[in-house]
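Remarks on the structure that follows.
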Amino acid sequence: MDAKTCIQKLQHVGVLAFATVDEHGNPQVRNISAIHYEPDAIYFFTARGKDFCRELLADGHVQILGYTRYKEMIRLSAKAEPVPEEQQRKWMDVIFSEQPYLSNVYPGDTRDIGIVFEIRDGSIEYFNLGVRPIFRENYTIGCGEISPKGYRIGDSCIGCGTCLTHCPQGCIEQGTPYAIQQEHCLHCGACLESCPVSAVERVS
């Protein structure tokens, strides 16, 4: 798996959940299908009067989530920027040609109420629940950065194996200290809660 494959999978999913935060700090989620994919960027269309647009213009941070029929979760965290004014019509026409239903929603010149945003930099979390042990990995696009998550076992580990017996995926290896196989970790926290000497630490 890699970032390019994840983007292709998002394209096959088609309708994606876009999450932002409004001016009151409340999470907002909507489904978006007016999307065009390039090898180095993602473009999407919305109307300038929508709350979604105002939230993007105010902050730009967005999370995009797709879920495949194979139980794969793909989450893209990125910063969306308006396409330069001189390129707006170009990308708008591309999106409308690929999504014919949009011409019913915004017929003729009424599409001019719209705005196209682009994403070039971001991080991707891939999470496959359809295999055992589960598989997860992180990738970047453009200049995106990966924020570490999950758990690790520190040097205060006494090697009792309690964490392993409580791990739903059995993804902890014996050693000094024991070690979590990060690519198979659920991030459920069972190891943290069960460790008798508090050797498990949250990574953030």
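The values are calculated or read from the model by the stated rules, or taken from the named source; none is laboratory data. Since the model is a prediction, treat every value here as computed from it, not as a measurement. Please note: Cβ atoms are built from the backbone with ideal geometry, for glycine as well, and neighbour counts cover all protein chains shown.
I'm trying to understand the selection: among the residues of region 85-132, which are within 26 Å of Cys6 (Cα to Cα) and touching a Gly at 6+ places or on another chain (Cβ under 7 Å)?
Within region 85-132, Met92, Arg120, Asp121, Gly122, Ser123 meet the criteria.
With respect to Val197, determine if the residue is part of a loop (DSSP other than H, G, I, E, B), modelled with pLDDT of 95 or more and in the same structural domain as Phe45 (by TED's automatic domain parsing).
no
I'm trying to understand the selection: among the residues of region 178-204, which are loosely packed, with under 12 Cβ neighbours inside 10 Å, over 21 Å from Tyr126 (Cα atoms) and under 30 Å from the mean Cα position of the chain (by Cα)?
Scanning region 178-204 gives a single hit, Glu193.
For region 143-177, enumerate the residues that are charged (D, E, K, R) and closer than 21 Å to Tyr126 by Cβ.
Glu145, Lys149, Arg152
Looking at (1) among the small types (Gly, Ala, Ser); (2) free of Cβ contacts under 8 Å to residues at least 40 places away in the same chain; (3) assigned by TED's automatic domain parsing to the domain that holds Gln8, can you tell me which one Gly161 breaks?
The single condition Gly161 does not satisfy is (3).
Yes or no, residue by residue, for (1) buried (at least 19 other Cβ atoms within 10 Å of the Cβ); (2) out of contact with any Phe, Trp or Tyr (no Cβ under 9 Å at 6 or more places or on another chain):
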| position | (1), (2) |
| --- | --- |
| Thr5 | no, no |
| Lys9 | no, no |
| Ala19 | no, yes |
| Pro27 | no, yes |
| Arg30 | no, no |
| Asp40 | no, yes |
| Glu72 | yes, no |
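Here is a list: Cys143, Cys160, Cys188. Which entry is in contact with an Asp or Glu (Cβ under 7 Å, 6 or more places away or on another chain) and assigned to a loop (DSSP other than H, G, I, E, B)?
From the options Cys143, Cys160, Cys188, the qualifying one is Cys143.
Give Arg136, Arg132 a once-over and let me know the one that is within 30 Å of Pro168 (Cβ to Cβ), outside any strand (DSSP E or B) and without any contact (Cβ under 8 Å) to a residue 60 or more places away in the chain.
Step by step, each of Arg136, Arg132 is checked, and only Arg132 is within 30 Å of Pro168 (Cβ to Cβ), outside any strand (DSSP E or B) and without any contact (Cβ under 8 Å) to a residue 60 or more places away in the chain.
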